[in-house]
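The values are calculated or read from the model by the stated rules, or taken from the named source; none is laboratory data. Because the structure is a prediction, the values reported are computed rather than measured. Cβ placement follows ideal geometry from the backbone for every residue including glycine, while neighbour counts extend to all protein chains displayed.
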Amino acid sequence: MAKNSRKKRLSEAQEFEIMKLVLDKFLWLGFIVMGWGMYVSLTAESLLEGIWYMIAGAVLLLIFSILIIKEYEVIR
């Protein structure tokens, strides 16, 4: 067993920076799904087919926003 086996703690600023990096990837995922929906709706015969993708992307963004707000809400 190593001498210094203590776990390192992150400061609030470091934790927030990591959260921003992760959030950025989730936002890209939501917008990519919405963009795919726009592409499908413009190229497919049915507009409704692409709208379902856009709704799914919007739901993804909403869920991730709720999770982030719930997790990182500043309590004073």
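Inspect the range 4-22 for any residue being modelled with pLDDT of 85 or more and surrounded by 12 or more Cβ atoms within 10 Å (Cβ to Cβ) and give the result as yes or no.
Within the range 4-22, the first condition is being modelled with pLDDT of 85 or more, and the residues that meet it are none.
Within the range 4-22, not a single residue is modelled with pLDDT of 85 or more and surrounded by 12 or more Cβ atoms within 10 Å (Cβ to Cβ).
Evaluate the range 19-27: report whether one residue or more is basic (K, R) and assigned to a loop (DSSP other than H, G, I, E, B). Break it down into steps so the answer makes sense when it comes.
Looking only at the range 19-27, we keep the residues that are basic (K, R), and these are 20, 25.
With assigned to a loop (DSSP other than H, G, I, E, B) added as a condition, the list becomes none.
Checked the range 19-27: no residue is basic (K, R) and assigned to a loop (DSSP other than H, G, I, E, B).
Enumerate the pairs (first residue in the range 12-25 and under 16 Å from L67 (Cα atoms); second residue anywhere and assigned to a helix (DSSP H, G or I) and of a type in the set (F, W, Y)) with beta-carbon separation below 9 Å, excluding pairs fewer than 6 apart on the same chain, so at least 6 apart or on different chains.
L23/F64
Quick check on the range 33-49: of everything there that is part of a helix (DSSP H, G or I) and either loosely packed, with under 13 Cβ neighbours inside 10 Å or of a type in the set (K, R) (or both), which residue is nearest to the chain's Cα centre (by Cα)?
Y39
Which one is farthest from E12 (Cα to Cα) among residues in the range 50-76 that are aromatic (F, W, Y) and surrounded by 16 or more Cβ atoms within 10 Å (Cβ to Cβ)?
Our first condition is that a residue be aromatic (F, W, Y); within the range 50-76, this holds for 52-53, 64, 72.
Narrowing the set further to residues that are surrounded by 16 or more Cβ atoms within 10 Å (Cβ to Cβ) leaves 53, 64.
Working: Y53: 36, F64: 20 Å.
That would be Y53.
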